[in-house]
Amino acid sequence: MLPRIHPMRLRLVREPFDHPDYIFELKHDGFRAVVYLQARECKIISRNQRNLGFESLKKALAKLPVETAILDGEICVPRW
C-alpha cells in the first residue's frame, strides 16, 4: 500500500528567488492532484483528498512501466 501524501501548499511571494532546494514552474489553471500508481491501477486524488475522474488519463498512466509510483502535479490542458 502506498502512503498517502499531501501536496505542498502553494503560496504567493513578492519577489522571485533562487534556491537549490526548490524547483519552480509556471502556474497553469488546472487541477492540483496526486497520482498513485500500483499494480497497474491508477488513482487520482485532489489536494482536498477527493477522488478525481479523468478516466482516459488514469488508463494512460496505468500503462506506465513502473511497479509503484506517486506523482504530484497539475492536470491541465494548455490552449495555445
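Laboratory data are not the source of any read-out in this text; all were calculated from the coordinates shown. Model, not experiment: these values are computed from the prediction. Here the Cβ is made from the backbone with ideal geometry for all residues, glycine too, and neighbour counts use every protein chain on show.
Show the residues, 5+ positions off or on another chain, whose built amide H is closer than 5 Å to the amide H of Ile75.
So Ile75 has HN proximity to Phe31, Arg32, Ala33.
For the chain, with equal point scatterers placed on the C-alpha atoms only and solvent neglected, what are the log10 I(q)/I(0) values from the Debye formula at q = 0.11, 0.14, 0.18 1/Å, to two decimals?
So the normalised log intensities are -0.36, -0.56, -0.86.
In nm, to one decimal, how far is the modelled label at Ser56 from the one at Leu2, with both set 7 Å along Cα→Cβ?
If labels sit at Ser56 and Leu2, their model points lie 2.2 nm apart.
Using R₀ = 22 Å, calculate the FRET efficiency as 1/(1 + (r/R₀)^6) where r is the Cβ-Cβ separation of Tyr22 and Glu74; round to 0.05.
E(calc), rounded to 0.05, equals 0.85.
What does the charge dipole of the chain about its Cα centre add up to, to the nearest 20 debye, if the Cβ of each Lys and Arg holds +1 and the Cβ of each Asp and Glu holds -1?
The calculated dipole for the chain is roughly 380 debye.
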